[in-house]
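A short write-up of the structure that comes next.
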Amino acid sequence: MPEPRKYKVMIAFFSYGGNGGMKSEHPDVRDWLVRTLFAAKKDPRISETICVEMADTPITMCRNKAVLDARECSADILVMIDSDMCPDCEPGAPKWWDTAFNFLDSMYDKMPVVIGAPYCGPPPMENIYVFRWQNCATNNPDECDMQLKAFTRYEAALQSGTRQVSALPTGLIMYDMRVFELINPTPRYRQLRDLGLTSSEAARACPKWFDYEWTDEFGSDKGSTEDVLNTRDLSLAGVQKYGQNPVYCTWDCWAGHWKPKLVRKPQILTADSVSRSLADVVLRGNESGTRIEQVHFADDEPVEELS
């Protein structure tokens, strides 16, 4: 029986707080790390696991440095996890590490891939941080009729399996390190230097793995965040080189997001549940204008309070 392929893994933690002035992360992150290191230790395919911590801002700089550090130590796989994540938050669901790593291993001889966990944004909207391409009209003569749109909460709740997506968040994500060659800044930088630009001018004009896009020349409003830009560009570049999209989402492995509550997988709102809720309101006989709030006490269940 042939020996299994061996992978060297680097896990990057972005545990910053206080605008980079102190280290801070939710305990769920380290709980996940302990479980993951035990799993990696027992896996014959993993030769070594390295953990690095980056408590600094801006996050774009830290993510770019993580890629360079992974290259420097000859890592085959780079995993990124943010300080506000709760991996494997859904009881009974498959574990993200097992799902992502097994998928990357199965795809290794075909093409490098990126595999991210789905999660939601903060309240009150709790929008989905996973994206797909969308147009506005059929047979539209406008060749620019294409927009990157987030999955709706309803759509996301119905997804399953490990599927290709157009862009992902990077709060919990795994990269085959070869994928970064698709948008390697170095060739462009050298080209700009050959054209006579100074080192700093070429660096500013050079595309980065992780960067922000702005809607105006002043950088006063974000068009895309660094995670969406990175995975979107890897997706498009991968299609050009490999003929298929290398960016995947593990829809069965939701991660929680502490913002400031734990934002979990969307729940589908159906007609019968709405009907029951409205009927309950009528039967309780609350007067018009009454609001029901939940008051939490330490170590107690939430108590409904009328106001």
Exercise. Being modelled with pLDDT under 95, farther than 26 Å from Ser47 by Cα, touching a helix residue (DSSP H, G or I) at 6+ places or on another chain (Cβ under 8 Å) and part of a helix (DSSP H, G or I), is that true of even one residue in the range 122-133?
Worked result: no
Exercise. Can you pull out the strands (runs of 3 or more DSSP E) entirely within the range 217-271 that have at least 1 residues that are basic (Lys, Arg)?
Worked result: 222-224
Problem set entry | Selected residue (criterion: surrounded by the fewest Cβ atoms within 10 Å (Cβ to Cβ)) from residues of the range 97-121 that are of a type in the set (Phe, Trp, Tyr) and part of a loop (DSSP other than H, G, I, E, B) | Tyr108
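Here is a yes/no grid of residues against (1) at pLDDT below 90; (2) surrounded by fewer than 19 Cβ atoms within 10 Å (Cβ to Cβ); (3) touching a Lys or Arg at 6+ places or on another chain (Cβ under 9 Å); (4) within 27 Å of Asp176 (Cα to Cα):
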residue: Thr231; (1), (2), (3), (4): no, no, no, yes
residue: Leu236; (1), (2), (3), (4): no, yes, no, yes
residue: Pro246; (1), (2), (3), (4): no, no, no, yes
residue: Cys253; (1), (2), (3), (4): no, no, yes, yes
residue: His257; (1), (2), (3), (4): no, no, yes, yes
residue: Ile268; (1), (2), (3), (4): yes, yes, yes, no
residue: Ser273; (1), (2), (3), (4): yes, yes, no, no
residue: Ala279; (1), (2), (3), (4): yes, yes, no, no
Problem set entry | Single match in Glu48, Glu72, Glu53, Glu90 (criterion: farther than 29 Å from Thr186 by Cα, surrounded by fewer than 22 Cβ atoms within 10 Å (Cβ to Cβ), in the same structural domain as Ile173 (by TED's automatic domain parsing) and among the acidic types (Asp, Glu)) | Glu90
Exercise. How many residues does the range 21-38 hold that are out of contact with any strand residue (DSSP E or B) (no Cβ under 8 Å at 6 or more places or on another chain) and either surrounded by 15 or more Cβ atoms within 10 Å (Cβ to Cβ) or charged (D, E, K, R) (or both)?
Worked result: 3
Exercise. Restricting the range 167-211 to residues that are in contact with a Phe, Trp or Tyr (Cβ under 8 Å, 6 or more places away or on another chain), touching a residue at least 24 places away in the same chain (Cβ under 8 Å) and of a type in the set (A, V, I, L, M), which is surrounded by the most Cβ atoms within 10 Å (Cβ to Cβ)?
Worked result: Leu172
Exercise. Counting just the residues of the range 131-143 that are under 20 Å from Val165 (Cα atoms) and not polar (S, T, N, Q), which one comes out surrounded by the most Cβ atoms within 10 Å (Cβ to Cβ)?
Worked result: Phe131
For this session: Report, by residue number, each residue of the range 175-188 that is at pLDDT 90 or above and either among the hydroxyl-bearing types (Ser, Thr, Tyr) or part of a helix (DSSP H, G or I) (or both).
Result: Tyr175, Met177, Arg178, Val179, Phe180, Glu181, Leu182, Ile183
Exercise. In the range 37-68, which residues are touching a residue at least 12 places away in the same chain (Cβ under 8 Å) and of a type in the set (Lys, Arg)?
Worked result: Arg45, Arg63
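The values are calculated or read from the model by the stated rules, or taken from the named source; none is laboratory data. Here the structure is a predicted model, which means the values were calculated and not measured. Methodologically, a virtual Cβ is constructed for each residue, glycine included, from the backbone with ideal geometry; neighbour enumeration extends over all protein chains shown.
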